[in-house]
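Asks: First the structure, then my questions, so here it is.
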Amino acid sequence: MSTITTRGLVKEYPGGVRGVDGFDVTIEDGEFFALLGPSGCGKTTLLRSIAGLEAITEGTLHIGDRDVTNAQPGERGVAMVFQDYALFPHMDVADNIAYPLKIRKVPRTQRRQRADEVGAGLALHGLSERRPGQLSGGQQQRVALARAVATQPEVLLLDEPLSNLDARLRLEARTFLKVLQRDLKVTTVFVTHDQAEALALADRIAVMQSGRLQQLGAPHEVFQRPVNTFVASFIGSNPMNLVTTTVTQAGVRLGDGAVRLPETAAGLVAPGDEVVWGARPEYLRWSVERLDDAVEARVEVVENLGASVLLTATVGDHRLQVVVPEEDAPAAGARGWVQANARRSLLFDPRTTELIG
Amino acid sequence: MSAPAPRSTVRHYVSRVAFVVVVVLVAAFFALPLTWLVTAPFDASPTLTVEWPQWTLANFRSLAENPYALRSIGNSLVLGLGTIAVVVTLGALAAYALSRVRIPGRDGLLYALLLLSSVVTGTAAMVPLFQLMVQVGLINTQTGVVLAMSGGLLPTVVFILKDFMDSIPKSYEESARLYGARPGQILRHVVVPIARPGLAFVSVWVLVQVWGNFLLPFILLRSPESQPAAVIMYTFYTESGQADLSLISAFSLVFSVPVIAIYFLVNRRYGFRFHGGIKS
């Protein structure tokens with residue numbers, strides 16, 4: 001159980017490409033921490049640098065009080081679950097789980113005992129004689145987790161832990177992971193490209209792009225107050241509506257009308273300023289009757305999400321997406337009014353893409 | 001449905017018949033020598049034709065009385081196993097390194113070696129090879145033959161095994177490294193067991209190559225006590241100077257048994273299959 005601290009961490013590949021470019025973060029003891037970003041953003045490189053599988057080019061890495069910047073992977077007290085689980089195909093489940101203990105020269109009987117103990121904690125009863133090839137995806141993942149936690153590591157690293165599971169099993173495994181991490185209280189870092197996974201599991205999320213940290217915060221912070229338009233569009237099952245427009249006396253111009261100025265931006269912008277207005281589809285309201293501070297819209301596409309409906313509507317030249325409860329769903333072609341929640345909408349600077357308020 | 005036109009039916013039958021005739025001819029071409037190999041050793045007076053034998057075991061009895069015959073099988077085994085040991089050990093290490101370490105011009109190097117390997121044991125190299133063995137004092141030793149054979153086979157083996165090692169995901173080794181395994185342990189615990197089917201295949205292939213090689217041991221080994229079966233067979237003549245078919249046929253059968261036996265043994269023990277892991 002330890003903190004992880006990176007200071008100015010850089011991983012540069014031959015040829016000058018920077019996988020991780022100046023990363024500063026302190027991951028607290030016992031925290032469940034997510035590295036989130038699109039493919040190629042450097043999140044896996046950062047994870048592998050923490051594990052010691054990639055040499056760090058610049059900066060430092062501390063685990064607890066120890067400087068492990070140049071330490072061998074085996075000396076860092078980290079365990080990792082790989083995306084493909086990397087279970088040794090020629091060993092049975094018990095031997096796989098006990099492999100780290102074998103390296104530490106623990107006697108065989110003790111190893112088997114510990115493997116059974118850990119396996120029992122991860123719902124692997126009666127599977128200890130099986131080979132990995134004879135297990136389901138979910139079981140393989142639990143064996144990989146059991147092997148990782150068998151030695152009680154200070155830090156647990158998970159590389160895309162849920163990506164190899166099918167959709168239904170993924171939800172089950174997600175809850176399982178969360179419970180396991182809470183029980184073990186081990187500092188855990190996991191990499192994912194799935195924002196829903198990060199929001200659901202993590203205590204804090206680091207959103208990355210091109211090797212750089214974009215935003216660091218609790219899931220609700222990253223969701224409610226993204227620091228720039230990249231984070232705003234990346235987080236959320238339905239991407240945030242981002243409209244380039246101008247501030248007017250009435251609020252923010254949208255088509256022929258205007259929506260209310262976001263509360264947090266009051267006083268930070270003046271009429272005539274060019275801004276990017278952002279609002280999540282979940283925080284927009286659809287109404288057939290005219291509402292105050294609402295703009296008129298025409299429904300183009302209606303997508304059923306189950307309990308709700310995602311509307312794509314045009315307001316002037318802009319397209320807005322609105323999530324509407326199922327029973328209020330209009331038909332395509334219908335006209336109505338879109339009202340924005342002033343507390344839940346944001347303004348961004350169109351030049352720097354950063355949050356104004 | 002309309003009946004097919006008569007012309008195409010005829011053509012169909014003609015092509016079927018032609019196909020069957022060709023297949024039978026090809027099968028006979030391969031089956032006849034094998035039939036001879038099984039029947040001739042038990043014939044009282046074997047000839048070069050396949051015929052129903054006059055059953056006898058006398059050929060094997062005279063084979064057992066020959067001072068060099070059985071010993072030469074042992075020599076062949078020594079050469080084969082020795083070469084396997086050298087080639088598989090060195091080949092596995094080289095293939096693993098070449099698969100995991102980036103060296104500029106690696107593939108070019110491999111292809112060049114593969115191309116040049118036929119020179120080492122090729123006919124043109126026999127005179128210099130002979131002189132080399134005399135110089136280093138390995139002439140007329142089985143060590144010399146093992147080394148020369150290994151030199152000829154290693155490039156191909158490295159080539160095959162490198163391909164095999166490339167197909168083993170790196171995450172296995174990285175996982176072991178994270179648990180503190182040293183390179184030697186990673187090799188023993190992870191890489192070799194996973195590469196075992198490849199190693200088994202290469203072992204059998206090397207054995208077959210050495211077992212059937214005539215020229216190299218014929219030139220490098222001078223005394224009949226150390227010559228392998230493939231060379232000794234060459235000495236089976238009758239007093240009148242004709243090939244002694246009763247000895248040769250019996251010896252041929254004995255000669256082929258160990259290779260077949262080792263194939264089945266290796267196949268059962270290690271299996272020519274890939275373990276059922278996640279193979280991305």
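Asks: So A:Arg212 clears everything in (1) open to solvent by 70 Å² or more (accessible area, probe 1.4 Å); (2) without any contact (Cβ under 8 Å) to a residue 40 or more places away in the chain; (3) in the same structural domain as A:Ala51 (by TED's automatic domain parsing); (4) of a type in the set (D, E, K, R) except one condition, right? Which one?
Replies: Every listed condition holds for A:Arg212 apart from (2).
To keep it simple, each residue is scored yes or no on (1) within 30 Å of B:Pro197 (Cβ to Cβ); (2) assigned to a helix (DSSP H, G or I); (3) polar (S, T, N, Q).
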site: B:Val10; (1), (2), (3): no, yes, no
site: B:Val22; (1), (2), (3): no, yes, no
site: B:Pro33; (1), (2), (3): no, yes, no
site: B:Pro41; (1), (2), (3): no, yes, no
site: B:Thr47; (1), (2), (3): no, no, yes
site: B:Asn59; (1), (2), (3): no, yes, yes
site: B:Pro67; (1), (2), (3): no, no, no
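Asks: Could you grab me the full set of residues in the range A:155-178 that are over 16 Å from A:Val81 (Cβ atoms) and either at pLDDT 90 or above or open to solvent by less than 40 Å² (accessible area, probe 1.4 Å) (or both)?
Replies: Residue satisfying the conditions is A:Thr175 alone.
Asks: For the range B:123-134, indicate whether the set of residues that are at pLDDT 85 or above and β-branched (Val, Ile, Thr) is non-empty.
Replies: Scanning the range B:123-134 turns up at least one residue that is at pLDDT 85 or above and β-branched (Val, Ile, Thr).
Asks: Right, here's the next one. Search the range B:121-135 for residues that are free of Cβ contacts under 8 Å to residues at least 24 places away in the same chain and pair each with any residue that is open to solvent by 70 Å² or more (accessible area, probe 1.4 Å) when their beta-carbon atoms are under 9 Å apart and the residues are at least 6 apart or on different chains.
Replies: That search, which allows pairs on different chains as well, returns B:Ala125/B:Val119.
Asks: Moving on to the next point. Do we find a residue being closer than 30 Å to A:Val68 by Cα and open to solvent by 20 Å² or more (accessible area, probe 1.4 Å) anywhere in the range B:102-123?
Replies: yes
Asks: Among the numbered criteria (1) farther than 12 Å from A:Asn241 by Cα; (2) outside any loop (DSSP other than H, G, I, E, B); (3) at pLDDT 90 or above, which single criterion is violated by A:Arg351?
Replies: A:Arg351 satisfies all of (1) farther than 12 Å from A:Asn241 by Cα; (2) outside any loop (DSSP other than H, G, I, E, B); (3) at pLDDT 90 or above except (2).
Asks: Here is a follow-up. Working only within the range A:110-152, note down all residues that are surrounded by 16 or more Cβ atoms within 10 Å (Cβ to Cβ), under 30 Å from the mean Cα position of the chain (by Cα) and polar (S, T, N, Q).
Replies: Correct list: A:Gln139, A:Gln140, A:Gln141, A:Thr151.
Asks: Just to be sure before I move on: is A:Thr151 polar (S, T, N, Q), in contact (Cβ under 8 Å) with a residue 12 or more places away in the chain and within 12 Å of chain B (Cβ to nearest Cβ) in the structure I sent?
Replies: yes
Asks: For residues that are within 17 Å of B:Gln209 (Cα to Cα) and among the polar types (S, T, N, Q), scanning just the range B:119-173, find the one that is farthest from the other protein chains (Cβ to nearest Cβ).
Replies: The extreme case among them is B:Thr123.
Asks: Any idea which of (1) surrounded by fewer than 16 Cβ atoms within 10 Å (Cβ to Cβ); (2) not in a helix (DSSP H, G or I) is the one B:Asp163 doesn't satisfy?
Replies: All conditions are met except number (2).
Asks: Another one. What strands (runs of 3 or more DSSP E), lying completely within the range A:1-108, carry at least 2 residues that are more than 10 Å from chain B (Cβ to nearest Cβ) and buried (at least 17 other Cβ atoms within 10 Å of the Cβ)?
Replies: Once the strands (runs of 3 or more DSSP E) in the range A:1-108 are filtered for at least 2 residues that are more than 10 Å from chain B (Cβ to nearest Cβ) and buried (at least 17 other Cβ atoms within 10 Å of the Cβ), what remains is A:4-12, A:18-27, A:32-36, A:58-63.
The values are calculated or read from the model by the stated rules, or taken from the named source; none is laboratory data. As the structure is a prediction and not an experimental result, all values here were calculated from the model. Positions of Cβ are backbone-derived with ideal geometry, glycine not excepted, and every protein chain shown enters the neighbour counts. Heads up: the accessible areas ignore ligands, DNA and RNA and are worked out on the full protein's heavy atoms, side chains in. Shrake-Rupley method; radii C 1.70, N 1.55, O 1.52, S 1.80 Å.
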